[in-house]
Amino acid sequence: MNQPSIRSISICERLPEVRGRIRENARLDKVTWFQVGGPADVLFKPDDEDDLSQFLRETPADIPVFTLGVGSNLLVRDGGYRGVVIRLGRNFTNVELLENHRVRAGAGALDLFVARFAAENCLTGAEFLSGIPGSIGGALRMNAGAYGTELQDILVSAVAFDRDGRRHELSCENMGFSYRHCSIPDDWIFTEATLQLREGDAAEIRGQMEQIAKSREDSQPIKSRTGGSTFANPQGAKAWELIDAVGARGLRVGNAQISEMHCNFLINTGGATAADIEAVGEEARRRVFEKFDRLLRWEIVRIGEHLKDNEKAE
Ligand SMILES: Cc1cc2nc3c(=O)[nH]c(=O)nc-3n(C[C@H](O)[C@H](O)[C@H](O)COP(=O)(O)OP(=O)(O)OC[C@H]3O[C@@H](n4cnc5c(N)ncnc54)[C@H](O)[C@@H]3O)c2cc1C
């Protein structure tokens, strides 16, 4: 059982009263796909947008804040996160149909859920989301995409709160999207997205989603403790091909491994530390740079502190 740390107590004392839930010294390995990493000083689950806004407005600016989706693109380091991790709970998962084939989804809703909702309403355009195991908030931040479609292709607008608790309505153009990236400041929190879809044929939509599920199962280690694509594809090349070409397929550090099935995926084979996972990724990156003079950009978001030497297990 985790005891509150001195650090989390001192942060907690400086946080405002909220309606949502605040937990100290909260484990993050339980809520990320890699299942590694140390705790957050504080985990906050806002009750609704007003609660979130008030929390941001009244939380001292020197306390770092990070928003967690469902942790499918995230490596939390072993020393944990110093500050507040915000997670949007059930009250941010609503998905509804608007006029003109538009769908509004809470940022906490799963991409798969939104794809299924669209399919049930005979709307096409969101099928690609069915293969991405993240939330709408994560999809906005990462401009998530697959099979030639990215979120920016269907996004009409998004709502976000800045670090001072102000609400912003952002058009797709405001988002500054590029490949697996958006230019909205890192500490802004998305709470919803409106998507533009088109009328489609129910059987065709279902068929496409089934094909996506099958192709993922055949080509990605989707049942493993992983974080999705590790590195963004550099201009004109595929990250996996470069990693393969330097002989890093299957490479191990401790219990972390570059997937044999798809070598742009890192895997916790059981009992790995975040340090092992980061090290095996860095080794692949080093080899690619040495051989091809290309520096791969981490697509996986890494947060938190490394363990200090005196905190490491014997
Ligand atoms: C097996 C597997 C397959 C994958 N395949 C794909 C793929 O085909 N295409 C693809 O694009 N990605 C893929 N991914 C990566 C991942 O699913 C996406 O990047 C996804 O969009 C991340 O969403 P998340 O909710 O898990 O975000 P997290 O991993 O929790 O966070 C990722 C980033 O998003 C930010 N974020 C999350 N929610 C919010 C919010 N509400 N407001 C502001 N910022 C937020 C976080 O702060 C962080 O910077 C895959 C991952 C796995 C494990």
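Here are the numbers:
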{"quantity": "Residues within region 79-101 that are acidic (D, E) and either near the ligand (Cβ under 9 Å from one of its atoms) or buried (at least 23 other Cβ atoms within 10 Å of the Cβ) (or both), tallied", "calculated": "0"}
{"quantity": "N264 open to solvent by less than 60 Å² (accessible area, probe 1.4 Å), within 16 Å of the ligand (Cβ to nearest atom), within 22 Å of A146 (Cβ to Cβ) and out of contact with any strand residue (DSSP E or B) (no Cβ under 9 Å at 6 or more places or on another chain)", "calculated": "no"}
{"quantity": "Of the criteria (1) open to solvent by 50 Å² or more (accessible area, probe 1.4 Å); (2) closer than 27 Å to N233 by Cβ, which one I132 fails", "calculated": "(1)"}
{"quantity": "Region 124-140, residues that are within 12 Å of the ligand (Cβ to nearest atom) and outside any helix (DSSP H, G or I)", "calculated": "I132, P133, G134, S135"}
{"quantity": "Those residues of region 275-291 which are basic (K, R) and either without any contact (Cβ under 8 Å) to a residue 12 or more places away in the chain or surrounded by 22 or more Cβ atoms within 10 Å (Cβ to Cβ) (or both), in sequence order", "calculated": "R285, R286"}
{"quantity": "Selection within region 196-243 - within 11 Å of the ligand (Cβ to nearest atom), basic (K, R) and surrounded by 13 or more Cβ atoms within 10 Å (Cβ to Cβ)", "calculated": "R216, R225"}
{"quantity": "Residue match in region 102-111 (condition: in contact with a Phe, Trp or Tyr (Cβ under 7 Å, 6 or more places away or on another chain), in contact (Cβ under 8 Å) with a residue 40 or more places away in the chain, open to solvent by less than 30 Å² (accessible area, probe 1.4 Å) and away from the ligand (no atom under 11 Å from the Cβ))", "calculated": "yes"}
{"quantity": "Selected residue (only one of N264, N268, N255 is without any contact (Cβ under 8 Å) to a residue 24 or more places away in the chain and not assigned by TED's automatic domain parsing to the domain that holds P133)", "calculated": "N255"}
{"quantity": "Listing of strands (runs of 3 or more DSSP E) fully contained in region 27-123 that carry 3 or more residues being closer than 26 Å to D164 by Cβ", "calculated": "40-45, 65-68, 81-87, 102-106"}
{"quantity": "Count of residues meeting criterion [open to solvent by 30 Å² or more (accessible area, probe 1.4 Å), closer than 20 Å to G69 by Cα and not in a strand (DSSP E or B)] in region 143-175", "calculated": "2"}
{"quantity": "Filter pass, F34 being over 27 Å from A256 (Cβ atoms), crowded, with 22+ Cβ neighbours inside 10 Å and of a type outside the set (A, V, I, L, M)", "calculated": "no"}
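The values are calculated or read from the model by the stated rules, or taken from the named source; none is laboratory data. Bear in mind the structure is a predicted one, so any value in this text is a computation, not a measurement. Cβ: placed from backbone, ideal geometry, glycine included. Neighbour counts: every protein chain shown. Areas reflect the complete protein model, heavy atoms only, side chains present, ligands, DNA and RNA absent. Shrake-Rupley method; radii C 1.70, N 1.55, O 1.52, S 1.80 Å.
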